[in-house]
Amino acid sequence: MVDDLRAELAANQESELEFSVVLPPGWARFGVDAEAERRLTDNMMAVLRERSTPAETMAVRQFVRAGFTELRRQKAVACYLPVAPVDDIVIPASITVAPAPVRSPDRLEEFAQRVEAKSVVFARGRDEDGLEVWRWEQRRSGLPGEGGEDAGSRTVSYLFEAPRGSRRTPAVVSGSLLYAPGEAESDFAEDVLVLLDAIMGTFTWSAR
């Protein structure tokens, strides 16, 4: 199932994603590049700094690097990151926008089934224009390497169907939080996920 999804992503042609997202103060847009990878790693390191071991530091770096490698393979077009501190830390969260691996509306249902099968929560509905909107949540517990067993990520994703009659590809907008050991269910994690939901909810297709 995962291999099928990867093959579809690899076969996806360069997509036309013209959109807007409303960012709160303290967030900025980056490319899916080395600068964004470094900033997200630094944000997570700031959270772990007082209690992290060298093994945990390496685990975080590997985890973020693997995530950005996957985003580049998916041809993600934008990465949004917090850049200003809140209570002396910069939240280790990100929002990315990528083309969905669905080139025609008749493939949406098949893709929905695969997404639902690997998600802890999956819901679907329609926007005011009657276009499909899905929301799903995924978790990845345990960072690679020694010391990362109790850390991980929580991700909330949305699929926004492209306007009908256009040549656009549906967009997948994903918000992720890297959490420190023991923080997966913390009030902080829940508050950040609410914030990510709110930002992703501002996604709109740009007029053409």
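Note on the range 32-113: with charges restricted to the Cβ of Lys and Arg (+1) and Asp and Glu (-1), its dipole about the Cα centre is near 300 debye. Using a/c under 1.5 as the rounded threshold, could you call the range 162-208 rounded, prolate or oblate? The axes a ≥ b ≥ c are square roots of the C-alpha gyration tensor eigenvalues, and prolate needs a/b larger than b/c, oblate otherwise. Prolate shape, in that a/c is at least 1.5 and a/b is the bigger ratio. Apolar share of the accessible surface for the range 57-106: 56 percent from carbon plus sulfur atoms, 1.4 Å probe.
Modelled label positions at residue 23 and residue 187, each set 7 Å beyond Cα in the direction of Cβ, lie 2.9 nm from each other. Shape of the range 31-121 from the C-alpha gyration tensor: prolate (a/c of 1.5 or more and a/b above b/c, with a ≥ b ≥ c the square roots of its eigenvalues). Note on residue 204 and residue 124: the extension gain reaches 27.1 nm, defined as 0.36 nm multiplied by sequence separation minus the Cα-Cα distance. Working from Cα pairs under 8 Å separated by at least six residues, relative contact order for the range 61-208 is 20 percent.
Between the residues 179, 89, 108, the greatest Cα displacement towards the positive end of the dipole of the range 71-199, with unit charges on the Cβ of Lys, Arg, Asp and Glu, is found for 108.
The values are calculated or read from the model by the stated rules, or taken from the named source; none is laboratory data. The structure presented is a predicted model; accordingly, all values stated were derived computationally and were not measured. In this analysis, Cβ positions are derived from the backbone assuming ideal geometry, glycine residues included, and neighbour counts consider all displayed protein chains. Keep in mind that these areas ignore ligands, DNA and RNA; they rest on the heavy atoms of the full protein, side chains included. Shrake-Rupley method; radii C 1.70, N 1.55, O 1.52, S 1.80 Å.
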